[in-house]
Amino acid sequence: MASPNNNKSKNQLVSTMIKQGFISNPYLSPSPSPPRTSNPPSPIQIPTRPSNPSPTLFEMMSEEQTRESKHSLESRYRTQERVSRVLADAPFPAVGDVRLTIAARDGFKVSMDVHRRVLVGRSRFFADKLQRNGSHSVEILDCDDVEVYVETLVLMYCDDLKKRLMGENVNKVLGLLKISSAITFDDGVLACLEYLEAVPWSQQEEEQVVSHLSQLQLPDSAADILQRLVAEPSTSSRSDDILQRLLTGVLHAKDDKARKEMKKVISRLLRENTSNSSSHESNLDISRDTLYHFCHRCLTSLILSLSEATSVDDNKQQDRGVLMGEIAREADNLQWLVDILIDRKMGDEFVKLWAEQKELSILHSKIPTMYGHEISKITAQLCIAIGRGNLLVPKDVRYCLLSTWLESLYDDFGWMKRAGRSIDKKLVEEGLGQTILTLPLAQQQTILLNWFDRFLNKGDDCPNIQRAFEVWWRRSFVKQYTVDSQLQLAIFDYTE
């Protein structure tokens, strides 16, 4: 009789094997039916494997192997079908003097009879291998693509290779080029190169073309294909000059819809360029001077338009309307330039420039909010960037920015959130609050107490920076820090 310890050990072993999937759990399987003695035996049937809700490890491995084997067979069958279609139209003779067999790595192979004179006349590779007259048997092993190899042989029989390649896709021709180069089928190589030079490429095909041409030993004519990608130094313009031309065109565009569309396009391309520059794939060098040159031009134009708008007689509403349109346009242009500066991490200088625009701020306060809110969007942009840490400027510049433009931002906030979707109310409030909290505590107090009074009177038309207010409160009254001359901190907690 087995001891209790032995039975316990066996039970633990069986339990472990069930958990790991090596055997099925008898308690999870349906219990067998009791034997029937009264009925005659039923006919023998081929057993089918019941669906097991908890398959064992062995069953899962078997199913995976079955799926892989099925996929391999399906792939080979599709390849065989494609090769059969190529051979059906191939101009190969019924009986040739060369028996050529092409075998793939997975074991699939195809044999065909071809002419020695065609192989030798078209390919220096075969001319070297088939020097003696008479019948030959040639086997080429480990081919990457049997179908493309067969199609390359078909090309050898064609007089007009260019016509034969018409309508093919770029990937197929790249495969033909690779095989033609490997067997030194020079006419095939040139025909493939002419095709690639003439057809358009998708972005994915572009990368494949460059990859193939860099790997293959090809004639100098292959360089002509890449001219659409690489400019010659003698004819290329400096990227900064090109960007300056593009920016000038966009900023002075007459059609507003086209101007907005091209702004989006250029912004997206510049962002792609910025992300590629981190991986050393970008050769576009945009100078800070170029961007700030346009910023100064927009600022000058904006001040001029504001000055004219504030001095226009109220009776000349038509002239005033035109000027207001110019103001909104130049403000929109500046917003776009500021976005580019922030994306390219060049916006620190603009914060100081914008903070010093006292005259512009005074003129802004004299025009209707429905036009002036576009100018306040620039301040909102800068606060959002500062609050995210994307602009690093000294605290005196940050305070000067708020001293110059915060009142205008308060006045225009209601119009900003109602007039369009370009500004996210929550982002503005969060960025403004974070910018205030970067200032010395005394300056935080001055700004936030002023906001407190204004918010109580204006409500939703004033930015809700309650979170910043709460942080300032805790810093001021809940926990106070003192710093001695050695920068050692002492904390006074008023809650204790």
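The values are calculated or read from the model by the stated rules, or taken from the named source; none is laboratory data. Everything quoted here is computed from the prediction, not taken from an experiment. When we count neighbours, we look across all protein chains shown, and the Cβ atoms used for this are built from the backbone with ideal geometry, even at glycine. Accessible surface is based on the protein model in full, side chains and every heavy atom, while ligands, DNA and RNA are left aside. Shrake-Rupley method; radii C 1.70, N 1.55, O 1.52, S 1.80 Å.
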> Is at least one residue of the range 170-191 out of contact with any Phe, Trp or Tyr (no Cβ under 9 Å at 6 or more places or on another chain), open to solvent by 10 Å² or more (accessible area, probe 1.4 Å) and not in a helix (DSSP H, G or I)?
Replying inline: no
> Among (1) part of a helix (DSSP H, G or I); (2) closer than 19 Å to Arg388 by Cα, which single condition is Glu359 missing?
Replying inline: (2)
>> Please go through (1) open to solvent by 10 Å² or more (accessible area, probe 1.4 Å); (2) over 33 Å from the mean Cα position of the chain (by Cα); (3) charged (D, E, K, R) for Glu374 and return the number of the only condition it doesn't satisfy.
In response: (2)
>> Looking at Asp289 and the list (1) surrounded by fewer than 17 Cβ atoms within 10 Å (Cβ to Cβ); (2) in contact (Cβ under 8 Å) with a residue 60 or more places away in the chain; (3) of a type in the set (Asp, Glu), which single condition is not satisfied?
In response: (2)
> List, please: which pairs have Cβ atoms under 8 Å, are six or more places apart or on different chains, and start with a residue in the range 433-459 that is touching a residue at least 24 places away in the same chain (Cβ under 8 Å) and assigned to a helix (DSSP H, G or I) and end with one that is open to solvent by 20 Å² or more (accessible area, probe 1.4 Å) and among the charged types (D, E, K, R)?
Replying inline: Gly433/Arg467; Gln434/Arg388; Thr435/Arg398; Leu441/Arg475; Gln444/Arg475
> With (1) within 39 Å of the chain's Cα centre (by Cα); (2) not in a helix (DSSP H, G or I) as the list, and Leu141 as the residue in question, which single condition is left unmet?
Replying inline: (1)
> Quick one: how many residues across the range 202-221 are open to solvent by 100 Å² or more (accessible area, probe 1.4 Å) and in a helix (DSSP H, G or I)?
Replying inline: 4
>> Suppose we keep only residues that are among the β-branched types (Val, Ile, Thr) and open to solvent by 40 Å² or more (accessible area, probe 1.4 Å) within the range 222-253. Which one would you say is modelled with the lowest pLDDT?
In response: Thr235
> Which pairs do you get when a residue that is closer than 11 Å to Val146 by Cα and open to solvent by less than 40 Å² (accessible area, probe 1.4 Å), found in the range 104-122, comes within reach of a residue that is in a helix (DSSP H, G or I) and at pLDDT 85 or above, reach meaning Cβ atoms under 8 angstrom, with the pair 6+ apart or on two chains?
Replying inline: Ala104/Val146; Phe108/Val146; Val110/Val146; Val110/Val150
> Restricting the range 125-147 to residues that are without any contact (Cβ under 8 Å) to a residue 12 or more places away in the chain and under 22 Å from Gly188 (Cα atoms), which is least open to solvent (accessible area, probe 1.4 Å)?
Replying inline: Ala127
> If we scan the range 304-318, do we find a residue that is over 28 Å from Asp453 (Cβ atoms), in contact (Cβ under 8 Å) with a residue 12 or more places away in the chain and in contact with a Cys (Cβ under 7 Å, 6 or more places away or on another chain)?
Replying inline: no
>> Cβ-Cβ distance below 6 Å, separation of 6 or more or different chains: which pairs start in the range 161-185 with a residue that is closer than 16 Å to Cys143 by Cα and end on one that is part of a helix (DSSP H, G or I) and among the small types (Gly, Ala, Ser)?
In response: Ser180/Gly188
>> So, Lys366, is that one assigned to a loop (DSSP other than H, G, I, E, B), farther than 21 Å from Glu272 by Cα, open to solvent by 20 Å² or more (accessible area, probe 1.4 Å) and modelled with pLDDT under 95 or not?
In response: yes
> Which of the residues that make up the range 377-408 are closer than 14 Å to Glu430 by Cα and either surrounded by 20 or more Cβ atoms within 10 Å (Cβ to Cβ) or among the hydroxyl-bearing types (Ser, Thr, Tyr) (or both)?
Replying inline: Thr379, Ala380, Gln381, Leu382, Cys383, Ile384, Ala385, Ile386, Gly387
> If you check every pair at least six apart or on different chains, which have Cβ atoms under 8 Å apart with a residue in the range 205-226 that is more than 19 Å from Thr184 (Cβ to Cβ) first and a residue that is not in a helix (DSSP H, G or I) second?
Replying inline: Glu206/Leu229; Val209/Trp201; Val210/Leu229
> If we scan the range 410-431, do we find a residue that is farther than 14 Å from Lys377 by Cα and among the hydroxyl-bearing types (Ser, Thr, Tyr)?
Replying inline: no
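Within the range 152-161, identify whether any single residue is touching a strand residue (DSSP E or B) at 6+ places or on another chain (Cβ under 9 Å), open to solvent by 20 Å² or more (accessible area, probe 1.4 Å) and of a type outside the set (Ser, Thr, Tyr), and answer yes or no. So that I can check it myself, show each step before the final result.
Initial filter on the range 152-161 (touching a strand residue (DSSP E or B) at 6+ places or on another chain (Cβ under 9 Å)): 153, 156-157.
Then keep just the ones that are open to solvent by 20 Å² or more (accessible area, probe 1.4 Å); that gives 157.
Still in the running and of a type outside the set (Ser, Thr, Tyr): none.
No: zero hits.
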